[in-house]
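K.L.:
Below you will find the structure I want to go over with you.
The values are calculated or read from the model by the stated rules, or taken from the named source; none is laboratory data. What you are looking at is a predicted structure, and each value in this text was computed from that prediction instead of being measured. Cβ sites come from the backbone with ideal geometry, for glycine too, and all protein chains shown count toward neighbours. Note: areas computed on protein heavy atoms with side chains; ligands, DNA, RNA excluded. Shrake-Rupley method; radii C 1.70, N 1.55, O 1.52, S 1.80 Å.
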Amino acid sequence: ELKQEIIRTLTADNPHVPQDIVRFNFKERAYKLVDDMDHTAVHFTLNGYLIHKDSDEGRRQSIRSCTEAGSFIEKAPVEAVAEPTEEAETKDEEPTQEAEGEGGGEGGGEGEQEAETAEAAEEEPPPQKVPERKLANQFNFIERGSTTYHYPLREKGLQTDPAPFETFSDNVNQWFIYDSYMEELERMEKAKEKEKAKPVAVKKEDQKTGRKLSVVELPHVDSLSMVAKAAKIAERMVNLNTYDDIAQDFKYFEDASDEYRGQKGTLLPLWKFQYEKTKKLAVTALSWNPKYKDLFAVGYGSYDFMKQGHGMLLLYTLKNPSFPEYSFSSESGVMCLDFHSDHPHLLAVGFYDGNVAIYNLKRASPQPSYKSSAKSGKHTEPVWQVKWQKDDMDSNRNFFSVSSDGRIVSWTLVKNELVHMDVIKLSADETTMQGPEGLQLQTLGSGISFDFHKKIDYLFLVGTEEGKIYKCSKSYSSQFLDVFEAHHMAVDTVSWNPFHLKVFISCSSDWTVKIWDHTIKTPLFVYDLATAVGDVAWSPYSSTVFAAVTIDGQAHVFDLNVNKLEPLCSQLVVTRKKNKTTHVQFNPADPVIIVGDERGLITCLKLSPNLRKKPKEKKGQEVKKGPEEEIAKLEKLLSLVRQPGKKE
């Protein structure tokens, strides 16, 4: 075995080069295998400072070095000639003296000639020395023309001798002139402002007495702005007197008959909000302001495809039910809206034409502060829901929108402009369209509703027109975390429980309301309300209370802690025929709900004590308070549902 020869062949092929790489060939319209892969492996790279001698820069440097060497050669012979003349004089003097001693008179004529030549050499001026040329620094490539000019410092007392610093002195004088001019200009502007602010005394003559009276005229101020605040306060006082009985019921009334109803409860009608211009429009969205608990926004539009027109956005307060606080009109119907939790003056709105916009309530402008367009990536179909999210890493405001075109889009406010990014595209499973030349085109799903998790930022749910609910993540744009076969018709609303992290609720036009655990594929509770359900909402004070509205004009309130099978209250809210309730929302602070219908009417209802009960304290048992109490209460109910064999 030791003597056995093993032949190994070294090749230039890189073993780590990927194999079977295919690329699309546009000429042949097919994917082709790439054969000529680059096998070069670079292990070390260093950028040097050497220049090839045949390059342009190399030729320039070689020419420059040759010229410098030539000047040095021209200088060297002059010095070499100058030095031998002195040595020659000393050497010539020695033989002449010897010759004079030896020859005496014989060399007299020759000695005279030599003396004449020496005197002529002494009379000739010495050659001028050529100045040495300083070699250029080859490593300094900065030219004088490219350097930045440094302006002199604008400080006093720096100049000592004016002669060598004439430019410095001129610039300092120019700065002084400029500063003096700006100070004078600022002083004149302040004087003009003071003159405008001063009241002007005008002398007028009284016709009856003939005396001249001095009347002080105040500066011109818009009369409406002066009385606007006072008029608003007076209007609220008048409304408070007009609706005093309703205000007393809202604040103090508690239905005593609940003690005789057992577990049932009632809804007490309070105010009704209606605007003259919105009587032919349906209430398409409701949202309470997170800071001002009495303020809520209402979106008006139409759910009928054949009756699309203008829309309106109104903001009402419970202190003034007769007239809206803010009013905005739009060319397209408003389909959804949402207040920013940290900036309550910002209101995101989605329209039927696919646009989204941001209204700033601090600005007195009838138009939105920011609005999408066809260039900025607007939706191609109606926007059914918008939701604000936390600011991004650069502290930019951002919100999400869902539309029937199947796109979930993130909108970011960057430098006063809305920038969009597609988060995910919904795909309709097992639905394809026949395209040209027999191509199978995959159709996109139609998003109707969505909601983001209260604690996990990246997790959100999307309800579709096909009846499915997708559990999605912001991190995955082409995959779903899970799919729930939830309903047989469109999922109108999907909402996470504000207390329990795993529970969410959904409603649909298939007459059902379902409560889910997102880790389980089947629903925990199913409620059939015998007609299409328009909207459902969790209560902010209890984890087991929720309300739903149906198209027959009724509002249903459930409390799972009291009755897991039937609603505690089913009450008719809309009295007119052919009128449907569309949306419902709980007030975040007070025990009231608001319900909107298709005729543009918003009704405020107060929950009776049986509909907002809290669990009783048991002896010897520590009762948790706040959200922990609600989570424990709902978790107990879910444990009973997950174990069907266990008796309650």
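K.L.:
Could you grab me the full set of residues in the stretch 233-253 that are over 18 Å from Val592 (Cα atoms) and in contact with a strand residue (DSSP E or B) (Cβ under 8 Å, 6 or more places away or on another chain)?
P.N.:
Glu235, Arg236, Asn239
K.L.:
Additional query: Looking at the stretch 556-580, which of its residues are aliphatic (A, V, I, L, M) and either surrounded by fewer than 20 Cβ atoms within 10 Å (Cβ to Cβ) or in a loop (DSSP other than H, G, I, E, B) (or both)?
P.N.:
To start, the set of residues in the stretch 556-580 that are aliphatic (A, V, I, L, M) comprises 557, 560, 562, 565, 568, 572-574.
Matches in the stretch 556-580: Leu560, Val562, Leu565, Leu568, Leu572, Val573, Val574.
K.L.:
Here's a follow-up. Taking the stretch 374-388 as the search range and keeping residues that are among the hydrophobic types (A, V, I, L, M, F, W, C) and buried (at least 16 other Cβ atoms within 10 Å of the Cβ), which one is farthest from Leu418 (Cα to Cα)? Steps first, answer last, please.
P.N.:
Here is the first cut: in the stretch 374-388, the residues among the hydrophobic types (A, V, I, L, M, F, W, C) are 374, 383-384, 386, 388.
Pick out the ones that are also buried (at least 16 other Cβ atoms within 10 Å of the Cβ) and you get 383-384, 386, 388.
Values: Val383: 16, Trp384: 19, Val386: 14, Trp388: 14 Å.
By that ranking, first place goes to Trp384.
K.L.:
Looking only at the stretch 389-401, which residues are touching a Ser or Thr at 6+ places or on another chain (Cβ under 7 Å) and open to solvent by less than 30 Å² (accessible area, probe 1.4 Å)?
P.N.:
Scanning the stretch 389-401 gives Asn398, Phe400.
K.L.:
A follow-up question, please. Take Lys232 and decide whether it is assigned to a helix (DSSP H, G or I) and modelled with pLDDT under 80. First the steps, then the outcome.
P.N.:
Details: assigned to a helix (DSSP H, G or I): yes; modelled with pLDDT under 80: no.
Here the answer is no, as Lys232 does not meet what is asked.
K.L.:
Then there's this: Among the residues of the stretch 254-281, how many are open to solvent by 90 Å² or more (accessible area, probe 1.4 Å) and either under 20 Å from Ile593 (Cα atoms) or in contact with a Lys or Arg (Cβ under 6 Å, 6 or more places away or on another chain) (or both)?
P.N.:
2
K.L.:
Against the definition (touching a strand residue (DSSP E or B) at 6+ places or on another chain (Cβ under 7 Å) and under 20 Å from Thr522 (Cβ atoms)), how does Leu501 come out, yes or no? Outline the logic, then answer.
P.N.:
Working: touching a strand residue (DSSP E or B) at 6+ places or on another chain (Cβ under 7 Å): no; under 20 Å from Thr522 (Cβ atoms): yes.
Taking the combined requirement at face value, the residue does not satisfy it.
Residue-by-condition table, conditions (1) in contact with a strand residue (DSSP E or B) (Cβ under 8 Å, 6 or more places away or on another chain); (2) open to solvent by less than 100 Å² (accessible area, probe 1.4 Å); (3) of a type outside the set (Asp, Glu):
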site: Pro18; (1), (2), (3): no, yes, yes
site: Tyr31; (1), (2), (3): yes, no, yes
site: Leu46; (1), (2), (3): no, no, yes
site: His52; (1), (2), (3): no, no, yes
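K.L.:
Taking interchain pairs and intrachain pairs at least six residues apart, which have beta carbon atoms under 6 angstrom, with the first residue in the stretch 457-468 and farther than 18 Å from Asn398 by Cα and the second open to solvent by 70 Å² or more (accessible area, probe 1.4 Å) and not β-branched (Val, Ile, Thr)?
P.N.:
Qualifying pairs under 6 Å: Gly467/His488; Gly467/Met489.
K.L.:
Give Lys272, Lys280 a once-over and let me know the one that is among the basic types (Lys, Arg), farther than 21 Å from Leu361 by Cβ and modelled with pLDDT of 85 or more.
P.N.:
Working: Lys280 fails: modelled with pLDDT of 85 or more.
Testing whether each residue is among the basic types (Lys, Arg), farther than 21 Å from Leu361 by Cβ and modelled with pLDDT of 85 or more leaves just Lys272.
K.L.:
Between residues in the stretch 266-277 that are part of a strand (DSSP E or B) and residues that are among the basic types (Lys, Arg), which pairs lie under 9 Å by C-beta distance while being six or more apart or on different chains?
P.N.:
The qualifying pairs are Leu267/Lys606; Leu268/Lys606; Pro269/Lys606; Leu270/Lys606.
To keep it simple, each residue is scored yes or no on (1) over 20 Å from Ile469 (Cα atoms); (2) at pLDDT 60 or above; (3) more than 9 Å from the chain's Cα centre (by Cα).
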| residue | (1), (2), (3) |
| --- | --- |
| Ser401 | no, yes, yes |
| Asp405 | no, yes, yes |
| Trp411 | yes, yes, no |
| Val423 | no, yes, yes |
| Leu426 | no, yes, yes |
| Glu430 | no, no, yes |
| Gly435 | yes, no, yes |
| Gln440 | yes, no, yes |
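K.L.:
Which residue is surrounded by the fewest Cβ atoms within 10 Å (Cβ to Cβ), if the candidates are limited to the stretch 527-555 and must be over 39 Å from the mean Cα position of the chain (by Cα) and either in a strand (DSSP E or B) or of a type in the set (Val, Ile, Thr) (or both)?
P.N.:
Of all residues in the stretch 527-555, those over 39 Å from the mean Cα position of the chain (by Cα) come to 527-531, 552-554.
Adding the requirement that they be either in a strand (DSSP E or B) or of a type in the set (Val, Ile, Thr) (or both) leaves 527-528, 531, 554.
Working: Tyr527: 22, Asp528: 10, Thr531: 14, Gln554: 20.
Out of the qualifying residues, it is Asp528.
K.L.:
Condition check: at pLDDT below 90, surrounded by 17 or more Cβ atoms within 10 Å (Cβ to Cβ), closer than 28 Å to Tyr260 by Cα and of a type outside the set (Lys, Arg). Does Leu605 satisfy that?
P.N.:
no
K.L.:
Out of the stretch 495-526, which residues are among the hydrophobic types (A, V, I, L, M, F, W, C), crowded, with 17+ Cβ neighbours inside 10 Å and in a strand (DSSP E or B)?
P.N.:
If the condition is that a residue be among the hydrophobic types (A, V, I, L, M, F, W, C), crowded, with 17+ Cβ neighbours inside 10 Å and in a strand (DSSP E or B), then Trp496, Val503, Phe504, Ile505, Cys507, Val513, Ile515, Trp516, Phe525 are the ones that fit.
K.L.:
Now, a different point. Under the condition of being charged (D, E, K, R) and not in a strand (DSSP E or B), which residue from the stretch 459-494 is farthest from Thr582 (Cα to Cα)?
P.N.:
Start the filter on the stretch 459-494 by keeping residues that are charged (D, E, K, R), which leaves 465-466, 468, 471, 474, 482, 485, 492.
Now restrict to residues that are not in a strand (DSSP E or B): 465-466, 474.
On the way: Glu465: 17, Glu466: 20, Lys474: 30 Å.
So the residue we want is Lys474.
K.L.:
Let me ask you something else. Select, from Lys3, Lys27, the only residue that is of a type in the set (D, E, K, R), at pLDDT 85 or above and within 60 Å of the chain's Cα centre (by Cα).
P.N.:
Details: Lys3 fails: within 60 Å of the chain's Cα centre (by Cα).
Being of a type in the set (D, E, K, R), at pLDDT 85 or above and within 60 Å of the chain's Cα centre (by Cα) holds for just one of Lys3, Lys27, which is Lys27.
K.L.:
Another one. Of the conditions (1) over 20 Å from Val383 (Cα atoms); (2) more than 33 Å from the chain's Cα centre (by Cα), Ser509 clears all except one; give me its number.
P.N.:
(1)
K.L.:
Residues of the stretch 291-335 being open to solvent by 10 Å² or more (accessible area, probe 1.4 Å) and either closer than 17 Å to Gly354 by Cβ or modelled with pLDDT under 85 (or both), which ones?
P.N.:
Correct list: Ser302, Tyr303, Asp304, Phe305, Met306, Lys307, Gln308, Gly309, His310, Ser330, Glu331, Ser332.
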